[in-house]
Amino acid sequence: MLITNLLAAAGSAAPQNKFGFIPALQNGGVISIVTVSILAIFSFGSFYILFTKWYEQSKILRQQRELGTTFWRAATIKEGAAKLDKNSAWRQLVDDGIAAEDQHSKLVDSLEAHDWLHGSLARSEASINARLATGLPFLATVGATAPFIGLFGTVVGIYRALIAIGIAGSASIDKVAGPVGEALIMTALGLLVAVPAVLAYNYLQSRNKVIAERLVAFSTDLLANINSKGALKPSLPAVAAARPVVTAKPAPAPVKP
């Protein structure tokens, strides 16, 4: 009984932690809550864009690797287009190329077919690249502004610490620790949101450049195929013939004298 009373007295006398994240957020008031909410929205939006754009890019790259076994092995580009996904970037280029070839005969100006097709395919490439770039400005904005939003919360926390010092008349640790801890938390949150956004932006941008280069290469091959009436096609990797398996012959048994 005595031990129980001593433990209860020790537990009631133990100091409560008033300097955690939740107490700091509550003490910061509306400004801290709004700052943390903005940073949370920025973080959620950044990861959402990262995963959705990564999936979109991976789908385009996977479809590009399948062109050699589907599109270019067809007899005509119209037959090859029917084998492609209707919503793919490669199908869009093929459809735009076919449409441009049909529209060239309707032009009254003496414009060469090569120039008309090249311009149409370039316009199609630009629209695909623009669609792939959607969301990246948000990542760039988050990476540039999140540290300053966290810094705003830091400034407010330090300002509250100075007010507490002025009211108390002395810079005691119990008056300063709370606001300063809140300021440091806001700084850390700003960096925690900004760094992944910058990394995601650079990663997605580099993959977009790879896709843009492959779109240009496919557009060039498509232009040559249309202008040559199907005579020119990119070199496709030949399927390696199955080699016969050579089994090692057993060594002859030694001859006994």
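The values are calculated or read from the model by the stated rules, or taken from the named source; none is laboratory data. In this text the structure is predicted, and so the values were computed from the model without any measurement. All Cβ positions, even for glycine, are placed from backbone atoms using ideal geometry, and neighbour counts span all protein chains on display.
Can you pull out the residues in segment 218-237 that are assigned to a loop (DSSP other than H, G, I, E, B), surrounded by 11 or more Cβ atoms within 10 Å (Cβ to Cβ) and charged (D, E, K, R)?
Across segment 218-237, the qualifying residue is only Lys233.
When the residues of segment 39-50 are narrowed to those that are surrounded by fewer than 20 Cβ atoms within 10 Å (Cβ to Cβ) and aliphatic (A, V, I, L, M), which ends up nearest to Leu204 (Cα to Cα)? Give the derivation first.
Step one: list which residues in segment 39-50 are surrounded by fewer than 20 Cβ atoms within 10 Å (Cβ to Cβ), which gives 40-41, 43-45, 47-48, 50.
From what's left, aliphatic (A, V, I, L, M): 40-41, 50.
Working: Ala40: 21, Ile41: 20, Leu50: 8 Å.
Top of the filtered list is Leu50.
Does Ala100 count as in a helix (DSSP H, G or I), surrounded by 18 or more Cβ atoms within 10 Å (Cβ to Cβ) and at pLDDT below 90?
yes
Would you pick out the residues in segment 40-76 that are under 20 Å from Asn87 (Cβ atoms), of a type in the set (Phe, Trp, Tyr) and within 18 Å of the chain's Cα centre (by Cα)?
Phe51, Trp54, Tyr55
Would you confirm, using the coordinates I've provided, whether Gly119 is touching a Phe, Trp or Tyr at 6+ places or on another chain (Cβ under 7 Å), among the small types (Gly, Ala, Ser) and in a helix (DSSP H, G or I)?
Values: touching a Phe, Trp or Tyr at 6+ places or on another chain (Cβ under 7 Å): no; among the small types (Gly, Ala, Ser): yes; in a helix (DSSP H, G or I): yes.
It is false that Gly119 is touching a Phe, Trp or Tyr at 6+ places or on another chain (Cβ under 7 Å), among the small types (Gly, Ala, Ser) and in a helix (DSSP H, G or I).
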